[in-house]
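To start, the structure itself, in structure tokens.
We did not get these values from a lab; they are worked out from the coordinates using the rules stated. Since the model is a prediction, treat every value here as computed from it, not as a measurement. All Cβ positions, even for glycine, are placed from backbone atoms using ideal geometry, and neighbour counts span all protein chains on display.
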Amino acid sequence: MGSGYLSFWPQAAVLAFVEGDPVGDTKYIYSRVLPTNGFTEVVYQFEVFEKIINTDASTITVTPEISNDGINWQTQTGDASTAVSWASSYPTKEVKKVSTIAAFMRFRIALFDGDTDTPVGGTIQIVGTGRT
């Protein structure tokens, strides 16, 4: 049994101006694409060190996406991390396992605001271990 370290998003800020009025909006930012062929599962850790969120209707959610060609991506919604909200305490981390694997993996980082026009973001890290 082998493993490999995967650094999808090193500890760094992620930030977008999100228009919350009138019904909310989401901006998407994507992590780097890493090869995951040969792995049978990937265990990832999503950490938030500090928030840059101005309303209690704002969240950060990360969702793994897989692809066999690097062009067509399938979102793995069942393996998404719990959204980090304005009311969360920091630092915080969550660990999840992704069992559906393809040649490549990346993460969709969703920055949501459902209240007012505001910057949404934080200092985050997404790292993983691929297991064979």
task = For a quick protection proxy, order the peptides 121-131, 28-38, 90-100 by their average other-Cβ count within 10 Å, most packed first.
result = 121-131, 28-38, 90-100
ask   = Under Stokes-Einstein, with the Kirkwood radius over Cα pairs standing in for Rh, what whole-number D in µm²/s applies to segment 49-132 at 25 °C and 0.890 mPa s?
value = 175
inquiry  = Nothing charged except the Cβ atoms of Lys and Arg (+1) and of Asp and Glu (-1): what's the magnitude of the dipole of the chain about its Cα centre? Round to the nearest 20 debye.
reply    = 640
ask   = Between V33 and D117, what FRET efficiency comes out of the Förster formula 1/(1 + (r/R0)^6) with R0 = 30 Å and r the beta carbon distance, rounded to 0.05?
value = 0.45
inquiry  = Give me the percent relative contact order of the chain, please, defined on Cα pairs under 8 angstrom at least 6 residues apart.
reply    = 49
